[in-house]
Every structure is written in structure tokens, then in C-alpha cells.
Amino acid sequence: MAGSSEEQGRGRREQPAWSPPAGSEPCKLRLYNSLTRSKEVFVPQNGRRVTWYCCGPTVYDASHMGHARSYISFDILRRVLRGYFGFDVFYCMNITDIDDKIIKRARQNHLFERYREEQPSAARLLEDVRAALQPFSAKLSETTDPDKRQMLERSLQAVRLAVEPLERALQAGLAAGDVDSRAQVLLEEARDVLSDWLDSARGSEVADNSIFSELPTFWEGEFHKDMQALNVLPPDALTRVSEYVPEIVSFVQRIVDNGYGYVSNGSVYFDTAKFASSEGHSYGKLVPEAVGDQKALHEGEGDLSVSADRLSEKRSPNDFALWKASKPGEPSWPCPWGKGRPGWHIECSAMAGTLLGASMDIHGGGFDLRFPHHDNELAQSEAYFENDCWVRYFLHTGHLTIAGCKMSKSLKNFVTIKDALKKHSARQLRLAFLMHAWKDTLDYSANTMESALQYERFLNEFFLNVKDVLRAPADIPGQFEKWGEEEAELNESFLSRKAAVHEALCDNVDTRTALEEMRALVSQCNLYMAARKAARRRPNRALLENVALYLTHMLKVFGAIEEESALGFPVGGPGSSLNLESTVLPYLQALSDFREGVRRIARDRKVPEVLQLSDALRDDVLPELGVRLEDHEGLPTVVKLVDRETLLREREEKKRVEEERRKKKEEAARKKQEQEAAKLAKMRIPPSELFLSERDKYSRFDENGLPTHDADGKELSKGQAKKLRKLLEAQEKLHTEYLQMVQNGGVL
């Protein structure tokens, strides 16, 4: 039997056409590229893979905050590209362990220690120091850099001050012990002066290559310790110049074969004019205006490589060394041009080229490396590969200043990483860096660090409050409460703040704006929790947990939270957070509940001693253990695990505020007492005697004690008399009031 027409119509119906949403164009990651001096859309050459080379340190001394500026900043960028944008980053960094600075420092250390082992007599030491001061003084007179000059002057003054006591001791014929102690002081003060002098005289005698490897090996180890302490991720590949000498020799040889290098007196130089005039090549891509800057070029060549004979080997003053013929007292390796050592710039080209090939996505370094180092790297690498794209994106971190000044040993503001970590934690330093643009100058100062500390405290307090909310007992269905207008509004703000953070990170990884958006999100959550608390209602745990987890995730991405922490900052240091919180908090909660019950009974039965003990537990005992109890009227006590030092500082601040309040109260009471005493003293004066003590102003009075003439015998004007009469009438009232008080026994 055929179906009805209505049924047949239903069978023939089709789904209506679907229209996709218009959507919006997602923002793209843009990075500030020094090759264009503008923000460029970041497009890796091979899908999601990113090859990245970063210039590492020249290891001959302690790492300082200038190093931290670069390596923390690049660590943040690397983490964001990997952990936020999802790129597969291969990060390579070098260690410069062959360099003019290293050679000279190693030689000087070796020669000075050998001199010390000889145990020179006091007389010989004085003679040697006087001899060493002559070239040192000449060097000082030739120095024009104000910072270096100030440092040399300070060294010279220190040596002269140490010379005088030893001279006097020898002249006076003091005991050997007294002479020896003063000689040791001079030896230490004159270390730099003597080292320079010894190197000039005997440096060419140092021939053992191990002397030149011990110094960089030690300082490389210290550098890695500093990076680990700063929570900087280790590179995926680490290259040392000393391990890549054969590759460097091959690299230089091909540049020569390609026609861009030439051999001169056993050294090999890069022909900048030939390269610049070749089709498809350009010299000075990063800082073209600096090409020809001889001061910068000489600094790039190194102190041991700018002698007149070395400079005369070049076809052009702009040419730079690819390979340096070793002089006596310098390490050397065999090569086709005779024994020598690598130039500074070539090391990065050869090592990066070996690992990353003809073109890398990102090359990074400090702002001061742009010229000549990075411009020379680009030139020699593109000469080797015969291309024009060795680096696609060049990133340079900004300078670091110390309280507005250039960091310099001469200014006594030289801050090592170890020194900085004695004052602030690695997280606090990183937050300070996150609060500034990575490519701009960062001023390391008390104000900068205070801002970072405040930000850390602000976020930490939020995390502790959310943890308290999440600890409240609830069954699984009870964990999902109905949303009201407040929750919907907060969630909308959450989504918009997340979008703003994303836009900020797309905009050249603008962590400063990202952190401000995160701060604003926390502020809104705090307002929501405060409103709930005022209404005696628990806040929505799922919503707050989502916000806290997002913030934790972002801080992990930035490297400001260690991986072990599930929510918020770790408690008790890396590796101990989960165990400490999960183990200790149930016991602390039981203690808090017991304390609250005892306080309730003590209030009901009016036992103030028990309440005082309860307060002492909260204010004195538990802070020493890193525990904070927060009592809220009508609500359960909040238990928080907080850094012990933070709690002790809070306690001291609370005591300071209470002491100030007590002093102000005492001062107000004292002033009130003085005012009352003054008023009482005035009330005691009979009206007729009020003006009698002012005979320097008035010469005649009427029968009531009212002045009629001034000190010169001139009769007072009507206006003056009227004013004085009012004062007299007021005193009559006061005195009458006083007499009444006496009559009633109110005044002793």
C-alpha cells in the first residue's frame, strides 16, 4: 500500500545547505629581523622544523649579567617557539675556547703563578713592580676610553699604596715576618701589573698547549653551572672551537678556492672588496654604516692580532683574519699555510655550517656582535656556500645596563651571575627579563627587581588562594557548580585575555604585554573571589582551576615555573613541590581545623590565654616552618605553604607597621595630653591677669585688666580694644568653667 503524500514528501527532504563561518584571520608570528630592521612573518624553511644557532661565550672569566641578558632572553624565545607555537627547534650553541683574550689571560696566569712559586725577595719584588709600572703607566697615558682609563688608574693607585708600606719596612729593617706580610699584599695588588709585564717579557716562551686549554675548560664548566642555576635549557648541540679545527681549516680552504680569501705571511684573510663586488653578494648586511670602522674591526681581530706587521699583511684595512699564523707563545695547529689558529669570526661559520648546512632559520647573539662579528660571519659563510641566504632571521638581544650605567669593572658595578643569584632567585631574574622586550635595553636595578618581586608575590598569592579553593571537600558532581552571571563574565574575560596573550606573543614574542594581560586576568579573578567571600559563598572551583592551570602553563612555557609543579609556583624548590604539598597539607589542614575548634571554645568561654597561644602559633611558630594561616571572620581558616624567607619578611613588615601604628597612637595621645594641659593652664588664669604678663606690648590697663595703651603709651584704637575685649570675655568663660570643675572635684 503506497504511503500518504505527506510521508512521501518527508522521504524526499534533503539537508539544507551549510554555510561555513566567516571566521577571522589568525595572527602570525612575527620576529624582529636585524637583516631588515623590522618585524617579519616567521616562516621556517622546512615545515615546523627550526634550525637555530646562537653565539656562545668566550670562556676566560666569570659569566656576568650581560651574558644572562642574552642567554635568558634566547631561552625564553626558544621555549616560546617550541612550547607555545609548537615548532621543532634544533638549538645549537658554540663555546669559544680559542681566542686572543683566552691566550693572553692563560699566559698571564701561568707566568704569574710561576713567578709566585719562585718566591721573590721583597727587594726583588719592589724592583720588578717598579719596572712593570713603567709600561703600565705608558699604557694608561695612551688609553682614551674613560671606563678603561678609570680602571687602570684605580689599579695604579692600589699598587702605589701597597708599595709604600713595604719600602718603609725594608728601610726600617723590620722583622722578616712583617716584611713578608707586606710583600704578599703588594704581590696581590700588583697582580695585573706584573702579569702584563711578565707576559711582555716571557710570553713567547709559553709553548705547552695544555696551558691554553685549562683556563677555558674551567670557565666553561662555571658557565654551564650558571646556566643551570638560571634554569636555561642546555643546547641540543654544543660546539667547541678546539674540537672543530679540521673543519675550520677545510672551511677556510674553500673560501680561498672560491676566490674570496688570500694567504699572506702564513695567515689567511677575507677579501672584503672582492666579495662585495661579486654578483649576488653584499658585505655589511646588518650594519652597512659601520663598514670601515677601524676601531670595531681591530676589536674583532683581537689584541694579539693588531700589530703593525699583522695589519700590513692585509690588502685592505677592512679585510679580516680567517686563519692566523701563530706567533711564539700561542697555541697552533697544522694547516696548509703553516702552523696557526682560527680567527674569531670563522669559528661560528664553520661549526654552524657543519651542523646546520648552507642556510639556517635563526641566528642569535648580543646586540654588540652585529658588526663586525656577525657581518663577517655572513660574508665568509656566503662566500663558502656561494649563496645569499646563510641566515634567514637574525635576532639580537638588547644591551644590559646597571642602574642606568654601562656595566664596567672600572665603575665597580660589574655583577656576575653568581652575585645576582645571591640576591634574587632564578625565577625573579627571569620575570624581570620577561617584563622587558628582549631586543631592547634592560636596566638591571633595584626598581627593576622590585617590580619582578611584586609580580611574583601577586601571582603566588593567587595560586595559593586557588589551591585553597580546590582543597575544599567536594564530591565529583559537586565540583561542577552552576554558572551565574559572574562566572560567565569572568570566563569571557579569561578567553579575551588568552587571545590578547596570543597576539602579544605573535608580535615579536612580546612577553611584557603578555605578562600584563596575565596580571589583569588575575586581578579580575581576585575581584570575583573577594565578591564571593563577601557573600559567604564558595567561588566556582572549575573556572578558577582553568585560569590557574593556564597561567601555570604559560609560566612553564616562559621557564618561570619548573616542570614538577602541577599548579602555581613550586614549594620548597625544584623536585620537592609535589611531595611536600601532597604530604604535608593534610596534616596542616587537620592542625588548622583543630586550632579553629579550640579558638571557638576559647571565645565562647572567654579564655584569652588560649586565644593568645592560638595567635602565637599563627604568627610566630608556623611562619618559621613556611606555613601561613589566614583567619577570616565567618569562613574557614586558609592554609598556605609559602617560602619561609617570604613569611619572615612579611612578619617583620607586620611588626614594623604595628610599631609605627603604636608610636603614632602614643604620639597622638601625648599631643592630646599636652593640649589638655595647656588648656587647663590657660583656664586657671583669672581674666584680670590675662594681659598683665604682656607688659612688653601694653603699658596701661583698666580696672578689669584690659589693656588701654600700647608699650609706647599710645592709646589703643577702637578695633584693637574690641579684639582684646573679646579675648577677655572668652577667658572669663574658660575661667568660670575651671572654677566649676574645682568646685565639683574634677581638678586636683
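Among residues of the range 86-103 that are part of a helix (DSSP H, G or I), those with a beta-carbon under 9 Å from a residue that is of a type in the set (A, V, I, L, M, F, W, C) and crowded, with 23+ Cβ neighbours inside 10 Å at least six positions away or on a different chain give the pairs Asp100/Trp344; Ile102/Val59; Ile102/Phe212; Ile103/Phe212. Of all residues in the range 392-439, those that are touching a helix residue (DSSP H, G or I) at 6+ places or on another chain (Cβ under 9 Å), surrounded by fewer than 16 Cβ atoms within 10 Å (Cβ to Cβ) and among the charged types (D, E, K, R) total 6. Can Glu205 be described as open to solvent by 30 Å² or more (accessible area, probe 1.4 Å) and touching a residue at least 40 places away in the same chain (Cβ under 8 Å)? Considered against the rule, which asks whether it is open to solvent by 30 Å² or more (accessible area, probe 1.4 Å) and touching a residue at least 40 places away in the same chain (Cβ under 8 Å), Glu205 comes out as yes.
A Cβ distance below 9 Å, combined with a sequence gap of six or more or placement on separate chains, defines the contacts here; from the range 716-736, residues that are in a helix (DSSP H, G or I) reach residues that are of a type in the set (Ser, Thr, Tyr) in the pairs Ala721/Thr708; Leu724/Tyr698; Leu728/Ser688. One residue stands out in the range 673-698 among those that are among the aliphatic types (A, V, I, L, M) and assigned to a helix (DSSP H, G or I): the one that is nearest to Lys726 (Cα to Cα), namely Met683. Val232 satisfies every condition listed in (1) more than 30 Å from Lys423 (Cα to Cα); (2) modelled with pLDDT of 95 or more except (1). Looking only at the range 254-267, residues that are farther than 17 Å from Glu382 by Cβ and within 43 Å of the chain's Cα centre (by Cα) come to 1 in all. Only one entry of Glu545, Glu517, Glu581 meets the criterion of being open to solvent by 10 Å² or more (accessible area, probe 1.4 Å), at pLDDT 90 or above, of a type in the set (D, E, K, R) and more than 23 Å from the chain's Cα centre (by Cα), and that entry is Glu545.
Yes or no, residue by residue, for (1) more than 30 Å from Phe462 (Cα to Cα); (2) surrounded by 13 or more Cβ atoms within 10 Å (Cβ to Cβ); (3) touching a residue at least 12 places away in the same chain (Cβ under 8 Å); (4) not aromatic (Phe, Trp, Tyr):
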residue: Leu641; (1), (2), (3), (4): no, yes, yes, yes
residue: Glu659; (1), (2), (3), (4): no, no, no, yes
residue: Ala668; (1), (2), (3), (4): yes, no, no, yes
residue: Lys682; (1), (2), (3), (4): yes, yes, yes, yes
residue: Leu692; (1), (2), (3), (4): yes, yes, yes, yes
residue: Asp696; (1), (2), (3), (4): yes, no, yes, yes
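Just one residue in the set Ile98, Ile103, Ile72 is hydrophobic (A, V, I, L, M, F, W, C), touching a Ser or Thr at 6+ places or on another chain (Cβ under 7 Å) and open to solvent by less than 40 Å² (accessible area, probe 1.4 Å); that residue is Ile98. Contact list please: Cβ distance under 9 Å, first residue in the range 596-612 and more than 19 Å from His632 (Cβ to Cβ), second residue surrounded by 12 or more Cβ atoms within 10 Å (Cβ to Cβ) and acidic (Asp, Glu), pairs at least six apart or on different chains. Filtered contacts from the range 596-612: no entries. Flag not set for Pro328, criterion: crowded, with 17+ Cβ neighbours inside 10 Å, more than 23 Å from Glu289 (Cα to Cα) and touching a residue at least 12 places away in the same chain (Cβ under 8 Å).
Looking only at residues of the range 440-467 that are acidic (Asp, Glu) and within 29 Å of Val639 (Cα to Cα), we find that the one that is most open to solvent (accessible area, probe 1.4 Å) is Glu450. In the range 287-329, the residue that is farthest from Tyr269 (Cα to Cα) out of those that are charged (D, E, K, R) and under 36 Å from the mean Cα position of the chain (by Cα) is Glu289.
Just to be sure before I move on: is Leu194 free of Cβ contacts under 8 Å to residues at least 24 places away in the same chain and not hydroxyl-bearing (Ser, Thr, Tyr) in the structure I sent? So Leu194 fails the test. Screening the candidates Leu166, Leu186, Leu156 for the property of being in contact (Cβ under 8 Å) with a residue 60 or more places away in the chain and open to solvent by less than 30 Å² (accessible area, probe 1.4 Å) yields one hit, Leu186.
Among the residues of the range 699-712, which ones are open to solvent by 40 Å² or more (accessible area, probe 1.4 Å) and either touching a residue at least 40 places away in the same chain (Cβ under 8 Å) or part of a loop (DSSP other than H, G, I, E, B) (or both)? Within the range 699-712, Asp702, Glu703, Asn704, Ala711, Asp712 qualify. Being touching a Gly at 6+ places or on another chain (Cβ under 9 Å), without any contact (Cβ under 8 Å) to a residue 60 or more places away in the chain and within 26 Å of Asn508 (Cα to Cα), is that true of even one residue in the range 378-388? Checking the range 378-388: not a single residue is touching a Gly at 6+ places or on another chain (Cβ under 9 Å), without any contact (Cβ under 8 Å) to a residue 60 or more places away in the chain and within 26 Å of Asn508 (Cα to Cα). Could you tell me whether Ala616 is over 15 Å from Leu641 (Cβ atoms), surrounded by fewer than 16 Cβ atoms within 10 Å (Cβ to Cβ) and among the small types (Gly, Ala, Ser)? Answer is yes for this residue. Within the range 491-499, is even one residue more than 30 Å from Pro636 (Cβ to Cβ), in contact (Cβ under 8 Å) with a residue 60 or more places away in the chain and open to solvent by 50 Å² or more (accessible area, probe 1.4 Å)? Scanning the range 491-499, I find no residue that is more than 30 Å from Pro636 (Cβ to Cβ), in contact (Cβ under 8 Å) with a residue 60 or more places away in the chain and open to solvent by 50 Å² or more (accessible area, probe 1.4 Å), so the answer is no. When Asp507 is tested against the conditions (1) loosely packed, with under 15 Cβ neighbours inside 10 Å; (2) of a type in the set (D, E, K, R); (3) closer than 30 Å to Thr36 by Cβ, the lone failure is (1).
In the range 163-214, of all residues being of a type in the set (Val, Ile, Thr) and under 21 Å from Glu117 (Cβ atoms), the one that is farthest from the chain's Cα centre (by Cα) corresponds to Val179.
Report yes if Arg78 is in contact (Cβ under 8 Å) with a residue 40 or more places away in the chain, under 29 Å from Gly357 (Cβ atoms) and basic (Lys, Arg), otherwise no. Against the criterion (in contact (Cβ under 8 Å) with a residue 40 or more places away in the chain, under 29 Å from Gly357 (Cβ atoms) and basic (Lys, Arg)), Arg78 qualifies. So in the range 271-312, with the set limited to residues that are of a type in the set (D, E, K, R), in contact with a Gly (Cβ under 9 Å, 6 or more places away or on another chain) and farther than 19 Å from Lys101 by Cα, which one is surrounded by the most Cβ atoms within 10 Å (Cβ to Cβ)? Filtering the range 271-312 for residues that are of a type in the set (D, E, K, R), in contact with a Gly (Cβ under 9 Å, 6 or more places away or on another chain) and farther than 19 Å from Lys101 by Cα, the one surrounded by the most Cβ atoms within 10 Å (Cβ to Cβ) comes out as Asp271.
The values are calculated or read from the model by the stated rules, or taken from the named source; none is laboratory data. This one's a predicted model, so the numbers in the text were calculated from it and none came from an experiment. Here the Cβ is made from the backbone with ideal geometry for all residues, glycine too, and neighbour counts use every protein chain on show. Heads up: the accessible areas ignore ligands, DNA and RNA and are worked out on the full protein's heavy atoms, side chains in. Shrake-Rupley method; radii C 1.70, N 1.55, O 1.52, S 1.80 Å.
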